[in-house]
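Below: one structure, written as structure tokens.
Quick note: the coordinates plus some simple rules give every number you see, no bench work behind them. Since the structure is predicted, the reported quantities are computational estimates derived from the model, not experimental observations. Heads up, the Cβs are rebuilt from the backbone with ideal geometry, glycines too, and the neighbour counts pull from every protein chain shown.
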């Protein structure tokens, strides 16, 4: 299909955007050019700070507070949007270019019913009467597979679940059948299994109505499902642009290749640790506050030098299990054994020596390190606290730890703010290692990092385990991580263990139905994957596996 | 939710009354000697004690005190032996008249200006407003009062410098008499209210659903009316009522400056004379009004919150 | 140090003005005896003499710069000593309120449970009183002396400090680095001093400015009502009160100490505003 100039819907040329940071204007988007043809989907991808969201909304002639377009041209259907007056821009936004935000929960007005927010723009612009707009809403709600499409509009935003609300926003964007929709990470805040539905719904409607779109995401596999062309961005610069298949099969630039390679599954050398059990959880039940049971009858164990992955979606209870093991949330029933002994359920009753042997690494390295402490203090405190080290001995040990996590001695005097996300997470690992633990609980340790940082952390953890024979409990929702690192997998759903066993058993057929749903939901780098998985889902649904949404 | 809050408010009133009572009870040394001072003879002390019923056990005294208040009997003043209820009645209505006048002017003006300042943020108008409010909240109340007095009563002699009211005055004569104290109070309250209204609106305007409305191409006026207003209602109501409560404090100083025969002036006089029954009674009234207004603020903002009005 | 200088040179003119005002006031308070031509209680001349620049000014051997007060004392000297008395009192009171309030707030946030419940309910009750009324009740019972004054105002103010430091500490307490230190087995003192305090410092500094203004105005108001610092101690609030009857004769003497109060609070507020603006500005981008 050859696209010609007459088909060109949006042409952005040499766009420069500045942001106001630390009392001065700094360029955050540097001369980016791209175009979108009618009915075409352009994927914008990059890590955080790449400027993709800023570019996305700038193509509507809009910038957030603290940003401004400095130069360039945004030509939409022959009309220049950069520098256009407010009224012109207002008329374009909505009927002709629509926007779908990342968080539907925050982007719907809490004071109005969904239907009123849907009809607002078409009625204001005189495009449709109220009743016509309402009929259109119901049609779109139905198309987007929303439950009870005739009445869902009468609800308020906070009365509808996240995945449904996101689809309602897609419907709202489609209200006037716009030429172009800007999707700003519309599935990032959702669970993997819900993500599929929203993604499928988006793909379905934009194909059906022939709408062009700019789809912004950090996940290459997601964008591969939906985009015709992909543009890769880094630090506000364009890296490369190309047809989706060509980009995935033969990327030209190293950066793109790296982004792609992290997605590829890495094998794990099976550990030949002893059969000794480090931690065992026996019949654990736990509840928050008003007897809402969040964990029910959990049994599992971890061998020395092994990695156990606990997989599940949000609300599955996997993080609660970590809180029970660490003593932050005493269980209402059941026991936790550590190296053969039953340990006190409450944190404050546990001896220091026990606390030392069990360490934790968190999801957000930004909040896991005290921003007012230097690396030296962060690593020095556990050495002093558990081993009474001080002075030169302690400094020597800190240097050793920095070496283990592949950072130089100059990091001793740095504050967390002066480190990258990956470096911070390394410091967190070093802090855990400083205690010479037998077990480290890793709570979503890679999910806050960009893909390259995550890859490095996983490799590091792997090497450390081979060297130090430490056991890991790996809490994650990311199946790629699970495939890469585990010896043993525990699948959780709504507070219960659905299935557990050695990696080879869980990840190969025959599948347990929920595990199957979860496995099939992880986006793959194959542009045809989404279509397959939606069909597969249908089959699962016939078998009676329900999908929460 | 609302019921729970109401219940809490009543509980709070009870605790406050006990505290005011105990506060006066917990005098260091002997109250009678302290108050009667040099002139204390054993007989006069005895008389004083039985007069204050100090010879009865505390809980009986509390019950008779609070029981009396509920029936409108506030006890008698130590200073002139008149029933406190008589002393207070005209003063309460004077204070209420002053506060109500200030409220009537300040609420609409400050909400309007606050919204305008928020909408035209960083404009000249906004900067002017923010300088005005910053100075007003920095100035002691009596400074504002004296500046107005010098300007409008001494220099230009537009208004009377002292707010003297008599029973024979008509409504408009009264209004004219209290024009300076009312103006002072209005200026001070406007500053606080405007500042808080502006902050509340700016907060709402920064939310993602307002950005969404802009990106949906909704007209500016409509964004303000349909999207920002319903969500700002709850914080603005809160601001208004809290500032009315703030007036309870402001009114005391303003009354003293303008020698206005209100409750505040009586309270200050009684404190310096250590006329404890009067202090007890007027504090109870002030605290009661304050608590009721705070209660009202909470209840109204619960009612104005869409998430709480339409539960899941 | 270089950072501090850079920090201030980059500040807007309003903040610089505020800082200059604060510095000037502190200077006056520190060197009051050296700056004041007369002593705090010395009679310098006649009642309500006009300031030196007035046509009716009465010449003195030692100049009476701003004129004299209601019993003929030099207003300028009293202003200097007043700065010393009022600012010191306000500062000590605010510091005390912060010490008590922030320790209470941090403890409530870190220990939670019954400690938090008890402290919070006590504070709720104290805050249910209008500030001035609560002060009047206590002063009427305990009499007006400097220790009582400090105690009363610090008590009232510490409730506000408690609320804000509890809220700030709550925000910090949910951070994983605090949980990490708990899991390590650290005690309450370490968590409060090493984990929470350094991170709570900058919002609390701004709050200190606001609370100082409140205390300062509050003391002035009480003095103005005759319930604060007692004569013959010079104090800006009582100076206004003592001279207030001059207003009806068109003599502006009482406006001078009142303006001094306003001047200092404006200065502090300008700096605080800039602090808050900076804190919120970073969030915007």
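What per residue convex hull volume, in Å³, do the alpha-carbon atoms of the protein assembly as shown yield?
Details: hull volume 256.7 nm³, N = 1146.
Spelled out: Cα convex hull of the protein assembly as shown, divided by residues, is 224 Å³.
Hey, how much of the P(r) for region A:5-265 falls beyond 29 Å, as a percent of Cα pairs? Let's see the in-between values first.
Working: 10405 of 33930 pairs.
The calculated P(r) of region A:5-265 puts 31 percent of pairs beyond 29 Å.
When ranked by the protection proxy of mean other Cβ atoms within 10 Å per residue, highest first, what sequence do the peptides A:375-387, A:460-472 form?
Ranked by mean Cβ neighbours within 10 Å, highest first: A:375-387, A:460-472.
Normalising by the residue count of region B:179-312, find the relative contact order in percent from Cα pairs under 8 Å and 6+ residues apart.
Relative contact order here is 29 percent.
At q = 0.11, 0.20, 0.27 Å⁻¹, what log₁₀ I(q)/I(0) does a Debye calculation on the Cα points of region A:476-549 give, no solvent, two decimals?
For region A:476-549, the Cα-only Debye profile gives -0.28, -0.96, -1.43.
Sorting check: for B:278-289, B:297-308, A:487-498, which peptide has the highest mean count of neighbouring beta carbons within 10 Å, and how do the rest follow?
Values: B:278-289: 23.7, B:297-308: 17.1, A:487-498: 20.9.
Peptide ranking by packing, descending: B:278-289, A:487-498, B:297-308.
If you take the Cα atoms of region C:5-123, find Rg, then find the Kirkwood Rh from the mean of 1/r over all pairs, what is Rg/Rh?
1.23
With viscosity set to 1.567 mPa s and temperature to 4 °C, compute the Stokes-Einstein D of region A:286-424, Rh being the Kirkwood radius across alpha carbon pairs; µm²/s, no decimals.
Result for D is 74 µm²/s.
Please tell me the relative contact order of region A:5-265 in percent, rounded to the nearest whole number, where contacts are Cα pairs under 8 Å and at least six residues apart.
Once normalised by length, the contact order is 26 percent.
Highest mean first, how do A:66-73, A:327-334 rank when packing is the count of other Cβ atoms within 10 Å averaged over residues?
Working: A:66-73: 16.1, A:327-334: 17.6.
Final packing ranking: A:327-334, A:66-73.
Just counting partner chain Cβ atoms within 10 Å, what average do the residues of peptide A:431-442 show around their Cβ?
Whole-number average of other-chain Cβ neighbours for A:431-442 is 1.
Would you calculate a helix-derived [θ] at 222 nm for chain C, using -39,500 (n - 2.57) for each DSSP H run of n ≥ 4 and dividing by the full residue count, to the nearest 500?
One gets -23500 deg cm²/dmol as the mean residue ellipticity at 222 nm.
Give me the distance in nm between label points sitting 7 Å out from Cα along the Cα-to-Cβ direction at residue A:235 and residue B:259, one decimal.
Going by the 7 Å Cα→Cβ label model, 7.6 nm.
In peptide A:107-117, how many Cβ atoms from other protein chains are near each Cβ within 10 Å, on average?
Mean shielding by partner chains, rounded to a whole number: 6.
Need one value for A:365-374: mean number of C-beta atoms belonging to other chains within 10 Å of its residues' C-beta atoms.
Mean partner shielding for this stretch: 5.
Given a Förster distance of 51 angstrom, what is the FRET efficiency for residue A:159 paired with residue A:21, based on the Cβ-Cβ distance and rounded to 0.05? Present the calculation step by step, with values, prior to reporting the outcome.
Details: r = 39 Å, r/R0 = 0.76.
Efficiency, from the Cβ-Cβ distance: 0.85.
Can you give the angle from 0 to 90° between the axis of helix A:375-387 and the longest principal axis of chain A, with both taken from C-alpha atoms, to the nearest 10?
Relative to chain A, helix A:375-387 is tipped by roughly 30 degrees.
Label chain B by shape, choosing from rounded, prolate and oblate, from the square roots a ≥ b ≥ c of the eigenvalues of the Cα gyration tensor; if a/c is under 1.5 it is rounded, and otherwise prolate applies when a/b is larger than b/c, oblate when it is not.
Numbers: a/c = 2.90, a/b = 1.64, b/c = 1.77.
Here chain B falls in the oblate category.
Could you state the angle between the C-alpha long axis of helix A:162-174 and the longest principal axis of the C-alpha atoms of chain A, as a value from 0 to 90 degrees rounded to the nearest 10?
With rounding to tens, the tilt is 20 degrees.
Distances longer than 31 Å among the Cα atoms of chain A: what percent of all pairs is that?
Taking all Cα-Cα pairs of chain A, the fraction more than 31 Å apart is 54 percent.
To test your reading of the geometry: what angle, between 0 and 90 degrees and rounded to tens, separates the Cα axis of helix A:130-143 from the longest principal axis of chain A?
Approximately 40 degrees, to the nearest 10.
Report the convex hull volume per residue for region A:359-423, counting only C-alpha atoms, in Å³. The partial results should precede the final answer.
Values: hull volume 6.0 nm³, N = 65.
Measuring per residue, one finds 92 Å³ for the Cα hull of region A:359-423.
Using a 10 angstrom cutoff on alpha carbons, build the Gaussian network for chain B and name the most mobile of B:127, B:219, B:273.
Evaluated over chain B, the most mobile residue of the options is B:219.
Where a ≥ b ≥ c are the square roots of the eigenvalues of the C-alpha gyration tensor, would you call region B:118-172 rounded, which needs a/c under 1.5, or, failing that, prolate if a/b is larger than b/c, or oblate?
Judged from the Cα gyration tensor, region B:118-172 comes out prolate (a/c at least 1.5, a/b above b/c).
Among rounded, prolate and oblate, which fits region C:14-280 when a ≥ b ≥ c are the square roots of the eigenvalues of its C-alpha gyration tensor, a/c under 1.5 means rounded, and a/b larger than b/c means prolate?
Taking the square roots of the gyration eigenvalues as a ≥ b ≥ c, region C:14-280 is prolate.
What percent does the relative contact order of chain C come to when contacts are Cα pairs within less than 8 Å and at least six residues apart?
Details: 380 pairs, mean separation 65.1, N = 285.
This gives 23 percent for chain C.
To the nearest 500 deg cm²/dmol, what mean residue ellipticity at 222 nm is calculated for chain A from DSSP H runs of n ≥ 4 alone, each contributing -39,500 (n - 2.57), summed and divided by the residues? Kindly include the intermediate steps, with their values, before the conclusion.
Values: 21 runs with 207 residues, N = 549.
After summing the helix terms and dividing by residue count, I get -11000 deg cm²/dmol.
For a bin width of 5 Å, list the pair-distance distribution of region A:1-102 built from all Cα-Cα distances, rounded to whole %.
Whole-percent P(r) values from 0 Å outward: 3, 12, 23, 24, 21, 12, 5, 1, 1, 0.
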